[in-house]
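I have placed the structure first, in the form of structure tokens, so that the comments after it can refer back to it.
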Amino acid sequence: MRRELEVGIRSLRGRPVVALALWSVPEIVPTAAYGIAVAHAVDDGFLAGRPATGLAWLGALALAAVVGAIGTRQVYLRLGGLVEPFRDDLARRVVSGALARGAAGNRDDGAVSRLTRQVEIVRDTYAGLVLVARTLVVTVIGVTTGLLSIAPLVALLVLPPFLLGLAASLGVMSMAAGRVRDSLRADEEVATCATAVFSALRDVTARGAEEYAARLVDGPIGDHAAAERALARVAVVRTLCFVVGGWGPLVVLLAAAPWLADRGLTAGALLGGLTYVLVGLQPALRTVLAVLGDNGLRYVVTLGRILDAGASPASQQQGSPVTPGSDVALRQVTFAYGPHSETVVDRLDLTVAPGDHLAVVGPSGIGKSTLAGLVCGLLTPTAGEVLLGGAPMAGQPVEQLATHRVLIPQEAYVFSGTVLDNLTYLCPDAQAAHIDLAVEAVGLATLVRRLGGLAGQVRPGDLSAGERQLVALTRAYLSPAPLVVLDEATCHLDPDAERRAEEAFSARGGTLVVIAHRISSAMRAQQILVLDGSSATVGDHDSLLQASPLYRELVCH
Ligand SMILES: Nc1ncnc2c1ncn2[C@@H]1O[C@H](COP(=O)(O)OP(=O)(O)OP(=O)(O)O)[C@@H](O)[C@H]1O
């Protein structure tokens, strides 16, 4: 919070602060005059049986208010000279930061929001804070001057509780800023989670993952509720501050009235003192609390966001995720589905160079799909590690992994919608020419024509298992992911269609891992991994014929 306040105070340097202060002086006149006029109107006028004198004092009060209004007008005219340059500085900071990040190749999607909405919020709240700080100073000077002139004892009684309440309100501000930040963060977390779940609603329903989706949003919603409760507790503390600083002086003054009367305090002076509390101090504290609680917090939090985003692109890059390549490496990977389950993969070492085509073969139930899950980061090794482009898969966010690898399982996922929706699901910005190329390469053209082109409707139930696989394969082909893993994803295609699809993927670029359904598929790969329960052998077709009895057996089959 100190940083945000320093930025605001520093911005006042070289601005017309003196003119603003001088034009605030006329405003002190009515503030100081309230109690004096009431005291004299009562003591010298109405209680002395001279109502005309009483009314004259009240008339003088109206005159003082006119003087104050002239000062207020001039203050507002000069406020722009303080606030607009501050806004310009912030806008400059946002634009420079966004340009620097753009030049460094990093998109800054939040810059528009910061430049328009957030800078305006800071400008408005800053103006509100300047005004309230000025009003507070004017009130304290005016009330103190007035009280000292009619009854110095009353000043000694009412000012301490007021100042105590004011100090406590300022202290609560720092605590409240932290709570507002927590609440905003929690709110963003809920929005991020809910957006992810809502945008995947179709998939959630299709895969029956409703409970999992609910669990995803459950935590952030709980955090948000806790943050809101903490914020509500701060509001209670703020109310207590007002009780002390706003009502405290009134109670003290009323309680001390007999004691003051014994010391010669007149009824008019007592009423004058009450007027200062009710018309001066109490509204000033209420405004301070309202403005600090609203403007102040919005100022600190929003300016904080702008300042954080303005950090140099180099420092931001340090935290940005590493972009892995497409080479896959397994280092002593061991995996079992549970602590007491049999080990499916045992200390496996494997390297697939970028651009290579690896086929995995082995008897049913030996662990081929498990290996595909490990390579894609869907399963976490019990021991050892899986690296993609040299970066460990473990701990990488799902969104990041999704841009670097795509897995097509045996049961192809196709949904109700247009052909185009189904094909561009992993690459929404795909160009028409690229889509046509993919459709042709993978062998989907006949089906697309039958469905009425890219705008035609797909009804999953009307497609054969092989047709659904072709749709899913074309989608994977269009995906920008450099690593493609096909887990028996062509098992429902005839051998020719399978060959055509696999050749398309080989020519696509990037690394290809195929869990082979047919041995003919394995023979197209540069490297073949034979999984044999107790051991795993890697080689090309010829070397494996020599080295692996299991491979020889699979080829004969
Ligand atoms: N989710 C799971 N929980 C527990 N065990 C599992 C799970 N999935 C697979 N297994 C077990 O792990 C072993 C390897 O299964 P996996 O599906 O990886 O074999 P596969 O070689 O792909 O078989 P297939 O060729 O029949 O598809 C099997 O014994 C299987 O029963």
What number of residues in the stretch 359-399 are in contact with a Leu (Cβ under 8 Å, 6 or more places away or on another chain), within 16 Å of the ligand (Cβ to nearest atom) and not hydroxyl-bearing (Ser, Thr, Tyr)?
18
The number of residues in the stretch 446-504 that are among the acidic types (Asp, Glu) and either closer than 17 Å to ALA359 by Cα or outside any helix (DSSP H, G or I) (or both) is 6
For the stretch 276-302, give me each residue that is modelled with pLDDT of 85 or more and open to solvent by 30 Å² or more (accessible area, probe 1.4 Å).
LEU278, VAL279, PRO283, ARG286, THR287, ALA290
What strands (runs of 3 or more DSSP E) completely inside the stretch 509-557 contain at least 2 residues that are in contact (Cβ under 8 Å) with a residue 60 or more places away in the chain and open to solvent by less than 40 Å² (accessible area, probe 1.4 Å)?
511-515, 527-532
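Evaluate the stretch 484-502: report whether one residue or more is touching a Cys at 6+ places or on another chain (Cβ under 6 Å) and within 16 Å of the ligand (Cβ to nearest atom). Outline the logic, then answer.
Initial filter on the stretch 484-502 (touching a Cys at 6+ places or on another chain (Cβ under 6 Å)): 485.
So of that shortlist, the ones also within 16 Å of the ligand (Cβ to nearest atom) come out as 485.
Yes: the stretch 484-502 contains one or more residues that are touching a Cys at 6+ places or on another chain (Cβ under 6 Å) and within 16 Å of the ligand (Cβ to nearest atom).
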What are the residues in the stretch 211-239 that are closer than 23 Å to TYR413 by Cα and either crowded, with 17+ Cβ neighbours inside 10 Å or touching a helix residue (DSSP H, G or I) at 6+ places or on another chain (Cβ under 6 Å) (or both), if any?
ALA213, LEU216
What are the residue pairs meeting all of these: first residue in the stretch 258-275, first residue exposed (fewer than 11 other Cβ atoms within 10 Å of the Cβ), second residue part of a helix (DSSP H, G or I), Cβ atoms under 7 Å, and 6 or more apart or on different chains?
ARG263/LEU153
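Mind listing whichever residues of the stretch 363-391 are closer than 25 Å to ALA504 by Cβ and either of a type outside the set (Gly, Ala, Ser) or not in a helix (DSSP H, G or I) (or both)?
Filtering the stretch 363-391 down to residues closer than 25 Å to ALA504 by Cβ leaves 368-369, 371-373, 375-378, 388-389.
Once the filter is applied, which keeps residues that are closer than 25 Å to ALA504 by Cβ and either of a type outside the set (Gly, Ala, Ser) or not in a helix (DSSP H, G or I) (or both), the stretch 363-391 yields LYS368, LEU371, VAL375, CYS376, GLY377, LEU378, LEU388, GLY389.
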Only one of VAL538, VAL555 is at pLDDT below 90, away from the ligand (no atom under 16 Å from the Cβ), over 44 Å from the mean Cα position of the chain (by Cα) and among the hydrophobic types (A, V, I, L, M, F, W, C); which?
VAL555
Would you be able to tell me the number of residues in the stretch 514-535 that are under 17 Å from VAL375 (Cβ atoms) and more than 15 Å from the ligand (Cβ to nearest atom)?
3
Checking ASP44, ASP88 in turn, the sole residue that is assigned to a helix (DSSP H, G or I) and open to solvent by less than 60 Å² (accessible area, probe 1.4 Å) turns out to be ASP44
Of the listed residues (ALA133, ALA155), the one being open to solvent by 30 Å² or more (accessible area, probe 1.4 Å) and either under 21 Å from ARG263 (Cα atoms) or aliphatic (A, V, I, L, M) (or both) is ALA133
Matching residues in the stretch 4-28 - criterion: being open to solvent by 70 Å² or more (accessible area, probe 1.4 Å) and not charged (D, E, K, R):
LEU5, ILE9, GLY14, VAL18, LEU22, TRP23, VAL25
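The values are calculated or read from the model by the stated rules, or taken from the named source; none is laboratory data. Here the structure is a predicted model, which is why all the values come from computation and not from measurement. Here the Cβ is made from the backbone with ideal geometry for all residues, glycine too, and neighbour counts use every protein chain on show. In case anyone asks, the SASA skips ligands and DNA or RNA and just uses the protein heavy atoms, side chains included. Shrake-Rupley method; radii C 1.70, N 1.55, O 1.52, S 1.80 Å.
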